[in-house]
Amino acid sequence: MKKYILILMIGLLSSVVFAAPFGFTMGMTLKEIAKKCEGKVEHLEDDIYLVKPIKSHPSFTQYNVYVDKKKGLYGIKAATPIMKVNPYGTEIKGEFRSMKDRISKTYGEPKTIDKIDPNSIFTDDKYWMYTLNEGARHLVALWKNDSLADNLIYVGLGCIADSPYSAHLLLEYNFKNSQNVEDDQDSVF
């Protein structure tokens, strides 16, 4: 009896340890990815495909996977819908903090970068969205270390301005094989 309980516990533990972002794992082929998606996998350009994962999150409405023909899946990007925001960026900053805290439950505490270009003359809080839209401000969370789960080397969450009055969040995952894909692409230089 103890043997069966131990086997069951190991099975449950391995399913949690290898949960993988949105059900996708490093190196998956397009066929394997399609089995984990609703509807068709749509080719956008180069290695980028638009997907709708079965294991999706309600905050995100667009999912792109990056798939190399030889190395398989090497990256994922997920985006939230565009939201209207006030000049202070109150709404998007709140969404960012909430999502950062939720992701931290899986990957630990991130390095958070919340900075404005020191040369900007628009340092007052009432220009928060203006400076984000102009590229003078950054709000990102980075999870990057050798012990990330799921064969990941990098997880990033950032605020993206679509205008001074609208923004969305972008969540990015890079797997360990992404460097090999980049090396293969750069071998032509």
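Express in % the proportion of alpha carbon pairs of segment 99-189 at distances exceeding 16 Å. Cα-Cα pairs of segment 99-189 separated by over 16 Å account for 63 percent. When the chain is treated as a Gaussian network with alpha carbon springs shorter than 10 Å, the biggest mean-square fluctuation among THR29, THR106, THR61 belongs to THR106. Comparing LEU73, LEU142, LEU171 in a Gaussian network model of the chain where C-alpha atoms under 10 Å apart are linked, the largest mean-square fluctuation is found at LEU142. Relative to the current alpha-carbon distance between SER56 and LYS115, full extension at 0.36 nm per residue lengthens the span by 18.2 nm. Considering only PHE22, PHE96, PHE122, the Gaussian network model of the chain with Cα springs below 10 Å gives its largest mean-square fluctuation to PHE122. Fewest-first ordering of ILE121, ILE92 by other beta carbons within 10 Å of each residue's beta carbon gives ILE121, ILE92. Spin-label pair LYS84-THR123: with each label point 7 Å from Cα along the Cα-Cβ axis, the two points sit 3.3 nm from one another. Computed from the Cβ-Cβ distance with R0 of 35 Å, the FRET efficiency linking TYR165 to GLN185 stands at 0.40.
Quick one: Cα centre-to-centre distance for segment 154-187 and segment 66-115, in angstrom? Each part reduced to its Cα centre gives a spacing of 10 Å. The length gained by stretching the chain between LEU30 and GLU42 to full extension, at 0.36 nm per residue less their Cα-Cα distance, is 3.3 nm. Pairs exceeding 20 Å between alpha-carbon atoms, taken from LYS93/LYS115; LYS31/LYS105; LYS93/LYS126; LYS52/LYS105; LYS40/LYS144; LYS71/LYS105: LYS31/LYS105; LYS52/LYS105; LYS40/LYS144; LYS71/LYS105.
Match the structure shown to one of the listed values (i) 11.0; (ii) 14.2; (iii) 11.8 of mean projected area of the Cα convex hull in nm², computed from it, and give that label. Structure-derived value, by its label: (ii). Computed from the Cβ-Cβ distance with R0 of 25 Å, the FRET efficiency linking LYS105 to ASP146 stands at 0.80. Note on segment 125-176: percent of Cα-Cα distances in each 10 Å bin, starting at 0 and stopping at the bin with the largest distance, equals 25, 39, 23, 13, 0.
When each of GLU91, GLU109, GLU45 is scored by the number of other beta-carbon atoms lying within 10 Å, the sequence from fewest to most is GLU45, GLU109, GLU91. Sorted fewest first by neighbouring Cβ atoms within 10 angstrom, SER56, SER187 come out as SER187, SER56.
Coordinate-derived values only; no laboratory data. All figures in this text were calculated on a predicted structure; none of them were measured in a lab. Methodologically, a virtual Cβ is constructed for each residue, glycine included, from the backbone with ideal geometry; neighbour enumeration extends over all protein chains shown.
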